[in-house]
Amino acid sequence: MIPPIPIKGGPRSLATVTEVPQLRKVEVSFVGAPPAQQIARASGVSGVEIHDGVLRCVVYGSFQPFLEALQGHEVVSLESTDLIQEG
């Protein structure tokens, strides 16, 4: 009889394996200047850049800190695309 292989951290369910925080590419257009510094300081936001008046960044995990950084700024358009994560 072959003994079972011990799993570090205990058995994993399908739910734990698939609970990977989302990674999204976001593009936002504003009325007026984009609040780039405010957005860059939000938790989970990286790669903030502005090109032709459109702010682009990557949001990792919860979208809430990113949305809170938009407060007080009029958004004309917002597009969010899931990025494929390898793992």
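Every number here is computed from the coordinates shown, using simple stated rules; none is lab data. Remember, it's a predicted structure, so these values are computed and weren't measured experimentally. Note that each Cβ is placed from the backbone with ideal geometry, even for glycine, and that neighbours are counted across all protein chains shown.
List of remarks:
- Global geometry of segment 21-82, whether rounded, prolate or oblate, following the gyration tensor of its Cα atoms and the 1.5 cut on a/c: prolate
- Electrostatic bookkeeping for Gly53 treats Lys and Arg as +1 and Asp and Glu as -1; over the other residues with beta carbon under 15 Å from its beta carbon, the sum is -4.
- Under the combined filter of DSSP loop state and at most 16 neighbouring Cβ atoms within 10 Å, segment 32-68 retains these chymotrypsin sites (Phe, Trp or Tyr not before Pro): Phe63.
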